[in-house]
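The values are calculated or read from the model by the stated rules, or taken from the named source; none is laboratory data. Source: prediction; values computed, not measured. Glycine gets a Cβ as well: all are built from the backbone with ideal geometry, and neighbour counts include every protein chain shown. Each accessible area value is taken on the protein alone, full model and side chains, heavy atoms only, with ligands, DNA and RNA left out. Shrake-Rupley method; radii C 1.70, N 1.55, O 1.52, S 1.80 Å.
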Amino acid sequence: MILRALVLATLAFAGSCGGEGGTDPEPTPTPTIAITISPQSASLEQGQSAEVTVALTRGGGFTGAVALSVTGLVSGVQSTTGSIAAGATQATLTVTALESASAGTLALQVQASGSGVTSVQRALALTITERPVGTFALTLDPDELTLEQGTPGSVEVGIDRSGGFAGPVTLSLDGAPADLGASFMEESVSGTTTTLQLAPTTGLPAGDYTVTVRGAGEGTADAEAVLDLTITAAPVQVSWELCEGQIMGDWFAVRDGDGEWRRITPTGRTFAFEFRGETGAIAYAQAPEPGDVNLVVSLLAREDLQIANPVLTPFPCTEQNRTLNVAASPALPTSAHFAAAAIDNTFVARFGSGSVVLPFDHLPEGPLDLAGATGTRLFPSGAIDVDRYFLSRGINPANGATATMDFNGPHAFAPVDIEVTLDAPPGEMAFLAASLATARTAAPLVETTPGAATAWTLPIPPASQLLGDEVLVASVSTEGDFDAPGDQYRLVDRVFVGEDDQTLSLGPTLQGVTFSAGERQPSFRGRIQYAPQAPYGSLYLAIFGQEVAGATTTHMLTASSRYLDGSALDETFPDLAGVEGFDSDWALRPGMSVLTQFIAIGWTGDPGLNPIRARRPGDQFTAFLRGEITP
């Protein structure tokens, strides 16, 4: 048995050494896969993705599907998985760096695996960088703008985007005053431009403004741009109506700012002009009496002409050809009794017994207020004691008619007494006057004789008899001569309502007033200098007068506190000789004496509205000084 096995083995060995005896079988191939990737490295910003193409090579008879994946991923880095189907040779994977991914370099592996084959890998180098923050900037076109009050304008707002920022930008403004009327056509802008619209009102003060346009976007820093805005004053449109007696002929001139004087031609009796400067001046001539001339110059600020009832403008011009008689009833019992009436700005009084008819002429057309009083004159003081007042509003009798002032009728009433005290040093000579101001008349009520008294009993209309826009005026004036250079007197007016006692104080005597010759050739032009004293801080009037051959020429120079703007008064009457139509006879002559007056006025409240003309409670202080310039 052993021998047989040995023989077989020997035969088998011999056959394997050659000869034609037979062949060996083919070995079985090993299935394989191989991959390549493209790209082999990638650089991503946070939030970006990259595609990796995987190419497959099969071997060893392998024909199956291959699964693809990426290994080495960390937090914030993701990849898709995929496969290459049987018969296919390529697939794509997507690698993503999330916004939360950390910057740095990763050694990833793209892996391919299939059934019955050994998995293979290829290295993928991935670099992650921080994503740049998207930003934007704002631009303005123009970035410097000048607008006139009341005139609209616009600015183009540009949004320059960078770094991929595409979100909406919300716009806002800093430093824009309410009266600028600023608004964006779009407050939230998704595009690259919008418009800032500006509509400054006439009430916006002129001056320079810095307006900042701010923009805010989600996930990015705010941006801003600055607009340098200048608001210039709109011209003040002025219309003065000067009627007979207020102007001689039609000579009227204005000066805008520091410009040249120019003559204004009227339309009818109306002179229309405008001021563009912060200050200006107005000049016109008057003929108070035949042969006499008043040359009036007013130095103004634009604010003086922008308010209702400005101090330096004339009252409305109306036809004043109406006559009216006022009959007092009942008749006056004794010669010590009086009856008085006031219509418009005319006051008439009569003393004596019997019937009294008070004549009025040159009254305006339309409704009138008739105010009156009756009483007695006290002797020996001469003071007036009022028994009854009369007030009838809105009467409109025919021209030449007679109106009855019935002191026992429904429009009459008894006065109430209040005490008026002057806070003044003992011995100050003064007197009291009082009046009633309605919408259509200014009616004197009572006047005392000058004396050393500093307290008076004043009979006034009861508050129940007056309307809301009607006021009382108590006036106390010092008494003294006003004939020679250096003479002066003072006045205080208290505008009030109600029935309370009133205590008044006078302003100080004027100090530091200097009259001089501003120019002597070719004509005399006066100069006034004064450092304002409290409370005289609202209005100043310098008068230079000269009489030649029985005719008087007067130069009146008025300056408002707004015009002076805190400066001392130092003004010379302007040279108007070059203005068209100026008459050389209106000039003052050099080498002749010039009489002067200076009036300083101050009041409480609005500097442009004196309380008497505006009929508002407050005090008005006035001081008068005589002077003379002797060449």
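Report, by residue number, each residue of the range 284-298 that is at pLDDT 90 or above and either in a loop (DSSP other than H, G, I, E, B) or farther than 18 Å from Phe582 by Cβ (or both). Outline the logic, then answer.
Within the range 284-298, the first condition is being at pLDDT 90 or above, and the residues that meet it are 284-285, 292-298.
Correct list: Asp292 only.
Of the numbered criteria (1) in a strand (DSSP E or B); (2) touching a helix residue (DSSP H, G or I) at 6+ places or on another chain (Cβ under 6 Å); (3) not polar (S, T, N, Q), the one Glu303 fails is (1). If you go through the range 206-227 and keep only what is modelled with pLDDT under 90 and either closer than 18 Å to Pro177 by Cα or in contact with a Lys or Arg (Cβ under 6 Å, 6 or more places away or on another chain) (or both), you end up with just Ala206. I want to confirm something. Restricting to the range 468-500 and keeping residues that are without any contact (Cβ under 8 Å) to a residue 40 or more places away in the chain and either within 19 Å of Phe390 (Cα to Cα) or under 36 Å from the mean Cα position of the chain (by Cα) (or both), which single residue is most open to solvent (accessible area, probe 1.4 Å)? By that ranking, first place goes to Gly468. Considering only residues that are open to solvent by less than 30 Å² (accessible area, probe 1.4 Å) and in a strand (DSSP E or B), look in the range 246-268 and name the one that is nearest to Gly566 (Cα to Cα). Only one residue tops the list, namely Val254.
Hey, among the residues in the range 399-438 that are among the hydrophobic types (A, V, I, L, M, F, W, C) and not in a strand (DSSP E or B), which one's least open to solvent (accessible area, probe 1.4 Å)?
From the range 399-438, those among the hydrophobic types (A, V, I, L, M, F, W, C) are 401, 403, 405, 407, 412-414, 416, 418, 420, 422, 424, 429-434, 436-437; that's our starting set.
With the extra rule that they be not in a strand (DSSP E or B), the set shrinks to 401, 407, 414, 424, 429.
On the way: Ala401: 28, Phe407: 7, Ala414: 50, Ala424: 26, Met429: 83 Å².
Step by step, filter the range 399-438, then rank; the result is Phe407.
Evaluating Thr503 against the criteria (1) over 35 Å from the mean Cα position of the chain (by Cα); (2) crowded, with 21+ Cβ neighbours inside 10 Å; (3) of a type outside the set (Asp, Glu) leaves one unmet condition, (2).
Please return the ranges of strands (runs of 3 or more DSSP E) entirely within the range 453-520 where 1 or more residues are under 23 Å from Tyr536 (Cα atoms).
471-478, 488-496, 502-505, 514-519
Would you pick out the residues in the range 135-165 that are farther than 15 Å from Leu229 by Cβ and among the aliphatic types (A, V, I, L, M)? Of everything in the range 135-165, those that are farther than 15 Å from Leu229 by Cβ and among the aliphatic types (A, V, I, L, M) turn out to be Ala137, Leu138, Ile159.
Rundown of residues vs (1) touching a residue at least 40 places away in the same chain (Cβ under 8 Å); (2) not acidic (Asp, Glu), yes/no style:
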residue	(1), (2)
Gly87	no, yes
Thr92	yes, yes
Ala101	yes, yes
Val110	yes, yes
Arg122	yes, yes
Glu144	yes, no
Gly150	yes, yes
Gly158	no, yes
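Comparison of Thr81, Thr57, Thr63, Thr89 shows that the only residue that is in contact with a Gly (Cβ under 8 Å, 6 or more places away or on another chain) and open to solvent by 50 Å² or more (accessible area, probe 1.4 Å) is Thr63. Residue count for the range 577-631, restricted to those that are among the polar types (S, T, N, Q), under 30 Å from Leu467 (Cα atoms) and either modelled with pLDDT of 90 or more or open to solvent by 30 Å² or more (accessible area, probe 1.4 Å) (or both): 3. For the range 519-537, a residue qualifies if it is open to solvent by 10 Å² or more (accessible area, probe 1.4 Å) and closer than 21 Å to Leu506 by Cα, and the qualifying residues are Ala531, Pro532, Gln533, Ala534, Pro535, Gly537. Filter the range 30-45 down to residues that are within 60 Å of the chain's Cα centre (by Cα) and open to solvent by 30 Å² or more (accessible area, probe 1.4 Å) and give me whichever is nearest to Arg131 (Cα to Cα). Among those that are within 60 Å of the chain's Cα centre (by Cα) and open to solvent by 30 Å² or more (accessible area, probe 1.4 Å), it is Glu45. If you go through the range 553-573 and pick out every residue that is part of a loop (DSSP other than H, G, I, E, B) and open to solvent by 20 Å² or more (accessible area, probe 1.4 Å), you end up with 4.
Please verify whether the range 603-611 includes one or more residues that are among the charged types (D, E, K, R) and touching a strand residue (DSSP E or B) at 6+ places or on another chain (Cβ under 6 Å). No, the range 603-611 contains no residue that is among the charged types (D, E, K, R) and touching a strand residue (DSSP E or B) at 6+ places or on another chain (Cβ under 6 Å).
Condition first: buried (at least 17 other Cβ atoms within 10 Å of the Cβ) and either farther than 22 Å from Thr201 by Cβ or of a type outside the set (Gly, Ala, Ser) (or both). Now tell me which residues in the range 163-176 satisfy that. Reasoning before the result, please.
Of all residues in the range 163-176, those buried (at least 17 other Cβ atoms within 10 Å of the Cβ) come to 165, 169, 171, 176.
Phe165, Val169, Leu171 - these are the residues of the range 163-176 that are buried (at least 17 other Cβ atoms within 10 Å of the Cβ) and either farther than 22 Å from Thr201 by Cβ or of a type outside the set (Gly, Ala, Ser) (or both).
Pairs meeting the criteria (first residue in the range 168-197 and closer than 16 Å to Pro142 by Cα and touching a residue at least 40 places away in the same chain (Cβ under 8 Å), second residue open to solvent by 40 Å² or more (accessible area, probe 1.4 Å) and among the acidic types (Asp, Glu), beta carbons under 7 Å, at least 6 apart or on different chains) are Thr195/Glu156.
For the range 150-162, how many residues are open to solvent by less than 50 Å² (accessible area, probe 1.4 Å) and either among the aliphatic types (A, V, I, L, M) or modelled with pLDDT under 95 (or both)? Reasoning before the result, please.
Going through the range 150-162, the residues open to solvent by less than 50 Å² (accessible area, probe 1.4 Å) turn out to be 150, 153, 155, 157-159.
Cutting the leftovers down to either among the aliphatic types (A, V, I, L, M) or modelled with pLDDT under 95 (or both) gives us 150, 155, 157, 159.
Adding up the residues that qualify gives 4.
Checking every residue in the range 269-283 against the condition of being open to solvent by less than 50 Å² (accessible area, probe 1.4 Å), more than 29 Å from Asp606 (Cβ to Cβ) and outside any loop (DSSP other than H, G, I, E, B) gives zero matches.
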